[in-house]
Amino acid sequence: MTKTVILFNAAPNAGKDASVDMMHSYFQSGVKLAFKDELYEDAAKHFNIRVEDLIDYHSDRNLKEKPSLMFPKYGDDSLKQYFFGLLYVIGVLLNNRYLMSLGYYSSRQALIFVSEHLVKPVKGNGYYGSKLAEKIENSKSKFFFVSDSGYFNEATMVADKGYNVYIVHL
């Protein structure tokens with residue numbers, strides 16, 4: 001059985017997740033996946049938080065771009081992070097996102113930091129693509145809808161497996 005993988009690519013907030021949901025509903029079968037599924041695991045481990053909490057926070061469009069105490073840039077027990085924590089509180093009081101961002105990442109920035117500075121330098125640029133390809137390979141489903149294709153190396157890891165791959169740019 002040849003598997004079909006449809007990769008959605010677009011700018012943030014362009015409707016990739018909604019498109020995947022629509023395709024999944026239309027075909028009444030298949031599996032919804034994302035390259036970032038494994039990244040959520042890696043980021044949660046790095047920031048010592050629950051994966052579910054990270055996903056909930058990142059899924060909220062009002063929060064995902066705002067710096068958060070969940071994602072400190074420096075060690076929680078460092079004097080430097082304590083100082084930036086005070087600046088964060090002042091930033092909240094003044095509604096000043098710049099002050100808030102000095103010592104903390106937004107969830108989007110946190111995911112990018114973990115991916116680009118911690119994981120990929122060690123495991124390679126195609127790491128998340130290979131993890132997604134493993135999920136596809138181990139599934140009995142025929143259709144796969146991927147909501148976050150953005151990097152050539154990741155898409156290549158899936159395409160090189162011999163699946164029918166379609167990239168939809170919104």
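The values are calculated or read from the model by the stated rules, or taken from the named source; none is laboratory data. Because the structure is a prediction, the values reported are computed rather than measured. Cβ sites come from the backbone with ideal geometry, for glycine too, and all protein chains shown count toward neighbours. Just so you know, the surface numbers come from the protein's heavy atoms only, side chains and all, with ligands and any DNA or RNA stripped out. Shrake-Rupley method; radii C 1.70, N 1.55, O 1.52, S 1.80 Å.
Of the residues that make up the stretch 59-66, is at least one in a helix (DSSP H, G or I), under 26 Å from Pro12 (Cα atoms) and free of Cβ contacts under 8 Å to residues at least 60 places away in the same chain?
yes
Keeping to the stretch 38-60, report how many residues are at pLDDT 90 or above and either within 20 Å of Val168 (Cα to Cα) or charged (D, E, K, R) (or both).
Qualifying residue count for the region: 8.
Inspect the stretch 7-16 for any residue being closer than 23 Å to His117 by Cα, out of contact with any Asp or Glu (no Cβ under 6 Å at 6 or more places or on another chain), assigned to a strand (DSSP E or B) and in contact (Cβ under 8 Å) with a residue 12 or more places away in the chain and give the result as yes or no.
Within the stretch 7-16, one or more residues are closer than 23 Å to His117 by Cα, out of contact with any Asp or Glu (no Cβ under 6 Å at 6 or more places or on another chain), assigned to a strand (DSSP E or B) and in contact (Cβ under 8 Å) with a residue 12 or more places away in the chain.
Test of understanding: among Phe35, Phe71, which residue is at pLDDT below 95, buried (at least 19 other Cβ atoms within 10 Å of the Cβ) and under 9 Å from Ser107 (Cβ atoms)?
The match here is Phe71.
Within the stretch 41-55, is even one residue surrounded by 17 or more Cβ atoms within 10 Å (Cβ to Cβ), part of a helix (DSSP H, G or I) and without any contact (Cβ under 8 Å) to a residue 60 or more places away in the chain?
Yes - at least one qualifying residue is present in the stretch 41-55.
Got a sec? Which of Val122, Val114, Val89 is farther than 17 Å from Phe8 by Cα, crowded, with 17+ Cβ neighbours inside 10 Å and out of contact with any strand residue (DSSP E or B) (no Cβ under 7 Å at 6 or more places or on another chain)?
On the way: Val122 fails: crowded, with 17+ Cβ neighbours inside 10 Å; Val89 fails: crowded, with 17+ Cβ neighbours inside 10 Å.
It is Val114.
What's the number of the condition Tyr26 fails, among (1) of a type in the set (Ser, Thr, Tyr); (2) out of contact with any strand residue (DSSP E or B) (no Cβ under 8 Å at 6 or more places or on another chain); (3) under 21 Å from Ala155 (Cβ atoms)?
Among (1) of a type in the set (Ser, Thr, Tyr); (2) out of contact with any strand residue (DSSP E or B) (no Cβ under 8 Å at 6 or more places or on another chain); (3) under 21 Å from Ala155 (Cβ atoms), the lone unmet condition for Tyr26 is (3).
Name the residues in the stretch 140-164 that are more than 18 Å from Lys36 (Cβ to Cβ) and open to solvent by less than 80 Å² (accessible area, probe 1.4 Å), would you?
Ser141, Phe143, Ala159, Gly162, Tyr163, Asn164
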